[in-house]
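These notes are about the structure you will find just below.
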Amino acid sequence: MRRSLRWKFFVAPLLACLLQRGAPGQVPPTLGQIIDGIERTEKLFFESESFLIRYRRVKSEDVTPTRYSGAPLRAEWVLARRGDKWFTQRRFTHPTEDTKPGVHTPAEPAVVLTREGALLEWDQSARQASVDGLKQGGSLWINWHYTNNLSLSVFKYITQSTGANPVTIASDDLKRPFLPDFLRNNVARYRVKPEPEEIDGVRCWLVEWPDMDRFWVDPQHGFAIRRRAYCWGPGKPLHTGVLNRDYREAKPGLWLPYLQIVDRYADINAEDKAVWGKLACRTEMQLDSIEFDRLSDDFFAIRLPPGTIVFDVVRKLHYRVADPNGGDPFGEPVLEALQLQPARGRAMVTIAAILIPVGLIVLGYLLSRRHHVKRTSTP
């Protein structure tokens, strides 16, 4: 009897503890392994031949009343990429008529498209479009909520493939602590908690920079970031929290969530200090579909409907689409103009190189003549 009690109360728990510690997967991953795992996910996603994403904001609620942090409107997005061609489309799912001057939620979508060094921004509600060189990328940097909530940066891939650089764009999205780069650049500040934690019933490991960033990785599903909460800066109040749920394998080795719950906290640059660190609004994002390596170039062959006013910045003109079959905003004249821009720049430099010395010679001659006249007219 005493032996059985000793086994029950002392030996059995000790053995169970030892077995648990020796079980596979109980040893926390290293920061190097986590960086490599997130980098693999990033490459599987953005270095695909193409991708097409459809997602929606299905719910949005204010939690703490603030001056500027109101709940975002419900909308749906289409995001696509193939090579240097990028496409975003946003449409509000609950359009409204004007309730007061200047307030209107249109039903028609807004489209941004890059092709062959040019950028199209098409506002279908206003029946207007503009075509310009890529430069800083215009509205290309917005609408990437789904990938932002994965903690992955689409922006560096846009820059690499198009040359566009948002150097003067003050967007909060562009300043997020994207992974794996943010972790790699600050690896000395992070630590991995030695015991696993469960997120939605899945064993994860907490990676933490105290008072700055906390995220939970799932090594069994490609080091997916199942949850994250980060601050406005070290020692500052919370900025954003994301809970990624309903993971599915989108392609071999790439696990992606079909539900994202996003908590946005009070903006410390816009709100009173009394509400800093408080949850301002909560939104839910639903992924409807995602596919890789299936898009053809035909997807990016947009034609503007008749009557659309086009502001062609490349050729410095504007016109109204008259073709009943629609107009191609990336027609040959636009592409030719883009190709001519560097040549025109070189031509201006050449002309200046010739005219400036000639002008200086003429100016010197006129000044010498004036000096000579003064001398000859002096008594």
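Laboratory data are not the source of any read-out in this text; all were calculated from the coordinates shown. Model, not experiment: these values are computed from the prediction. Backbone-built Cβ (ideal geometry, glycine too); neighbour counts: all protein chains shown.
Could you please report the charge total around W77, scoring K, R as +1 and D, E as -1 over all other residues with beta-carbon less than 9 angstrom from its beta-carbon?
On the way: positive: R54, R56, R57, R90, R91; negative: E76.
In short, +4.
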If each part is reduced to its alpha-carbon centroid, the range 182-222 and the range 251-319 end up apart, in Å, by 27 Å
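Net charge near Q124: determine it from the other residues with C-beta under 10 Å of the C-beta of Q124, scoring Lys and Arg +1 and Asp and Glu -1. Walk me through the intermediate numbers first.
Working: positive: R91, R127; negative: E108, D123.
Charge balance near Q124 sits at 0.
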In nm, to one decimal, how far is the N269 label point from the K193 one, both placed 7 Å along Cα→Cβ? 3.1 nm
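With a Förster radius of 45 Å, plug the Cβ-Cβ distance of R320 and Y68 into 1/(1 + (r/R0)^6) and report the FRET value to the nearest 0.05.
0.75
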In nm, the gap between the two label points placed 7 Å beyond Cα toward Cβ at Q26 and R303 is 6.6 nm
Could you check how many percent of all C-alpha pairs in the range 25-300 are farther apart than 24 Å? 53 percent
How much net charge surrounds L134 when only the other residues with a Cβ under 11 Å from the Cβ of L134 are counted, with Lys and Arg +1 and Asp and Glu -1? -1
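Sort T105, T66 so that the residue with the fewest other Cβ atoms within 10 Å of its own Cβ comes first and the one with the most comes last.
Sorted ascending by nearby Cβ count, the order is T105, T66.
Output the pairs from K59/K236; K85/K156; K193/K236; K156/K193; K59/K135 with a Cα-Cα distance over 26 Å in this structure; if there are none, say none. Don't jump to the answer; show the numbers that get you there.
Working: K59/K236 28 Å; K85/K156 15 Å; K193/K236 22 Å; K156/K193 30 Å; K59/K135 35 Å.
Among K59/K236; K85/K156; K193/K236; K156/K193; K59/K135, the Cα-Cα distance tops 26 Å for K59/K236; K156/K193; K59/K135.
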Set the Förster radius R0 to 35 Å, insert the Cβ-Cβ distance between S171 and E208 as r into 1/(1 + (r/R0)^6), and round the FRET efficiency to 0.05. 0.85
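Pulled fully out, how much extra length does the chain show between T159 and E291, if you take 0.36 nm times their separation in residues and subtract their Cα-Cα distance? Provide the component values of the computation, followed by the final result.
Details: separation 132, 0.36 × 132 = 47.52 nm, distance 2.24 nm.
Stretched out fully, the T159 to E291 stretch lengthens by 45.3 nm.
Of the listed peptides 152-163, 112-123, 190-201, what is their order by residue-averaged count of other C-beta atoms within 10 Å, with the highest listed first?
Numbers: 152-163: 18.4, 112-123: 20.4, 190-201: 13.2.
Going by the mean number of other Cβ atoms within 10 Å, highest first, we get 112-123, 152-163, 190-201.
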Theoretical gain in end-to-end length, R248 to R184 [0.36 nm per residue, Cα-Cα removed]: 20.4 nm
